[in-house]
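Report on one structure; see the data block that follows.
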């Protein structure tokens, strides 16, 4: 009985086209070998696909339509979707810089300035603190924990705390400034001072990450390089520029890239501290405003801003990484 | 060019009790000399070198280079160059930049730097690699770059901290000879730290043996070998190590199993203890026929090295099995597990030490050097 079955199976397989059998065999071997790898990856693929890829594709599609609150499908009102595909009109409108579409170029410039200033302070202060904390001293661990703390506090908690500090009439900052006879500006009003305030808050929030990353980088530089440089006659400043900075380069380049991307899209600090203030408006907050407020919630323009932000960051990351690579090849 | 002297120099690490890493080191290194500091790990040899480099504080005493007191001078003011165990090459600089870095910091004109780097590179066969980064080099090449960096400086003193320990055995032997030849050619005073006594014996004009921060002996390799100042040096210098046993002393001499070695009257007379530390090198022992007086050695292991063989075995002395190593002819080694008869080649080829202090007890044999 058993023998017959096997015989039949063998008989059945043989007449099939040779290539087909071989291919099936290869697929079977491949699955036998790697099925668990695919099984392990599958949940992540599903989640990432559902939460990132699909919404992204939908967003890109919206940029070619005139979708807004008035023409989107609304099951509550029993209304069908009746938005139209408008081609590149949204892009043309936004890129024209028309104030009705958010003065794109001005806001982009402000976003770049905001990112540049914030990351420069993040890096500078983070490096300074990392250098201080990298030398042996008492209570070093305590200092490290205290300096990492701003990072551990949720951004919205810090944002509200800072709002109170910046309050023009009752805030601690103006009280301090006033008590030493300095001017006490209206920090969070409709003026460029608000931008200074949000930059201060964002710097405070972003320094711990830079500090921790750079501290790790500093510790990876072998101590005998400093000793060799000292014997070679390098002053402390020369040791910093000739050993420390080149030694930190791999870490620096990564954290600066990350810092720029995060700051470029730093929504909570600006929105929670100043709300909808044209003086602190950056691309991401404008996209939010456009999406959730206004006479008609303009999903199409908001999506267009989203895609433009993504494009700017992609171009930046590409150019940045290429520049790094060519420098490394030297 | 300069001599170096340590004057009762100590490095004391704070603690309870404080650790005296280098303890009252007194050492004179002559101009142009190749001095090797050798000792087991923790002996303070590297610390002593780093004190000379200015990388460690000198807590007591003083250090002079070329007659100048440099005890509190920072490293850059000492006119020294150091080769590190890890080489410590600057990873982001090319070989040429690494070698010229010290000159660049001293604002030496570019053309001069280039010429000096080229000259050193030629000396070390590094010319084709001048534009490479250290990570693109092999271990041996990196080692040469580290040497080159020191040579380009033309310092008064070279300091080398185990520069060969990251090389494989064959390359190490080769590089050992190259460094010794280079030093002879340049004639620069060199202090070289190693834990390898073979390196020490083959490279140094003189060798200083350290243990627990204390200088044990500083002498020529031959004198260290033939007249070790104490039992530590006797056991440390020489490979395989000297057979060192503390044995009973009678009026006839030292008692080793069936063998009684007559000792010089001068030693026995001046020595009041009942025991004595008796040392004999493997090559001073020989296997002999059963009819001669000797120790019964049970063979545990035979290392055949071609021309020679080292026989490791144990001898029953006063009830305990003591291990002995005997050098013998490589063509007819005894088999493992057999018992052989061992005796001295020459009753004068023995080293005697005080059983407690370990200090050498002089035999009548005249020193050779």
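Quick check on segment A:218-237: of everything there that is under 24 Å from residue A:123 (Cβ atoms) and part of a helix (DSSP H, G or I), which residue is nearest to the other protein chains (Cβ to nearest Cβ)? It would help to see each step written out before you state the result.
Step one: of segment A:218-237, the residues under 24 Å from residue A:123 (Cβ atoms) are A:218-223, A:225-226, A:229, A:234-237.
Keeping just the survivors that are part of a helix (DSSP H, G or I) gives A:218-219, A:223, A:225-226, A:229, A:236-237.
Working: A:218: 15, A:219: 16, A:223: 9, A:225: 5, A:226: 9, A:229: 8, A:236: 11, A:237: 11 Å.
Restricting to residues being under 24 Å from residue A:123 (Cβ atoms) and part of a helix (DSSP H, G or I), the top hit is A:225.
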Subject >> The listed residue being free of Cβ contacts under 8 Å to residues at least 60 places away in the same chain, farther than 16 Å from residue B:226 by Cβ and surrounded by fewer than 20 Cβ atoms within 10 Å (Cβ to Cβ), out of B:315, B:293, B:311, B:326 >> reply: B:293
**OP:** Tell me, please, whether a residue that is surrounded by 12 or more Cβ atoms within 10 Å (Cβ to Cβ), under 20 Å from residue A:218 (Cβ atoms) and either over 20 Å from the mean Cα position of the chain (by Cα) or not assigned by TED's automatic domain parsing to the domain that holds residue A:213 (or both) can be found in segment A:150-169.
**Re:** no
Subject >> Neighbours by Cβ (under 6 Å, 6+ apart or cross-chain): first from segment A:47-58, assigned by TED's automatic domain parsing to the domain that holds residue A:304 and within 14 Å of residue A:307 (Cβ to Cβ); second modelled with pLDDT of 90 or more and surrounded by 11 or more Cβ atoms within 10 Å (Cβ to Cβ) >> reply: none
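Quick check on residue A:27: is it surrounded by 12 or more Cβ atoms within 10 Å (Cβ to Cβ) and outside any loop (DSSP other than H, G, I, E, B)?
The answer is no for residue A:27.
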Subject >> Unmet requirement for residue B:233, which otherwise passes all of (1) touching a strand residue (DSSP E or B) at 6+ places or on another chain (Cβ under 6 Å); (2) crowded, with 19+ Cβ neighbours inside 10 Å; (3) touching a residue at least 60 places away in the same chain (Cβ under 8 Å) >> reply: (3)
Original post:
How many residues does segment B:214-228 contain that are surrounded by 19 or more Cβ atoms within 10 Å (Cβ to Cβ) and in a loop (DSSP other than H, G, I, E, B)?
Top reply: 2
**OP:** Filter segment B:236-284 for residues that are touching a strand residue (DSSP E or B) at 6+ places or on another chain (Cβ under 8 Å), at pLDDT below 85 and not in a strand (DSSP E or B) and give the result.
**Re:** B:250, B:252, B:253, B:257, B:258, B:263, B:267, B:268, B:270, B:271, B:273, B:274
Original post:
Within the bounds of segment B:70-77, is there any residue that is crowded, with 18+ Cβ neighbours inside 10 Å, within 12 Å of chain A (Cβ to nearest Cβ) and more than 17 Å from residue B:183 (Cβ to Cβ)?
Top reply: yes
**OP:** Have a look at B:21, B:48 and point out the one that is in contact with a helix residue (DSSP H, G or I) (Cβ under 8 Å, 6 or more places away or on another chain) and closer than 16 Å to residue B:213 by Cα.
**Re:** B:21
Original post:
Filtering segment A:289-306 down to residues that are within 20 Å of residue A:97 (Cβ to Cβ) and out of contact with any helix residue (DSSP H, G or I) (no Cβ under 6 Å at 6 or more places or on another chain), which residue is modelled with the highest pLDDT?
Top reply: A:289
Original post:
Would a scan of segment B:127-135 turn up a residue that is within 10 Å of chain A (Cβ to nearest Cβ), under 18 Å from residue A:225 (Cα atoms) and under 29 Å from the mean Cα position of the chain (by Cα)?
Top reply: no
**OP:** Return a yes/no flag: does segment A:178-188 have any residue that is assigned to a helix (DSSP H, G or I) and away from chain B (no Cβ under 14 Å).
**Re:** yes
Subject >> Failed condition for residue B:35, given (1) modelled with pLDDT of 95 or more; (2) more than 25 Å from residue B:224 (Cα to Cα) >> reply: (2)
Original post:
Can you name the residue in segment B:33-67 that is within 23 Å of residue B:205 (Cβ to Cβ) and surrounded by fewer than 17 Cβ atoms within 10 Å (Cβ to Cβ) and is also farthest from the chain's Cα centre (by Cα) among such residues?
Top reply: B:67
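The values are calculated or read from the model by the stated rules, or taken from the named source; none is laboratory data. In this text, all values refer to a predicted model and were calculated from it rather than measured experimentally. Cβ: placed from backbone, ideal geometry, glycine included. Neighbour counts: every protein chain shown.
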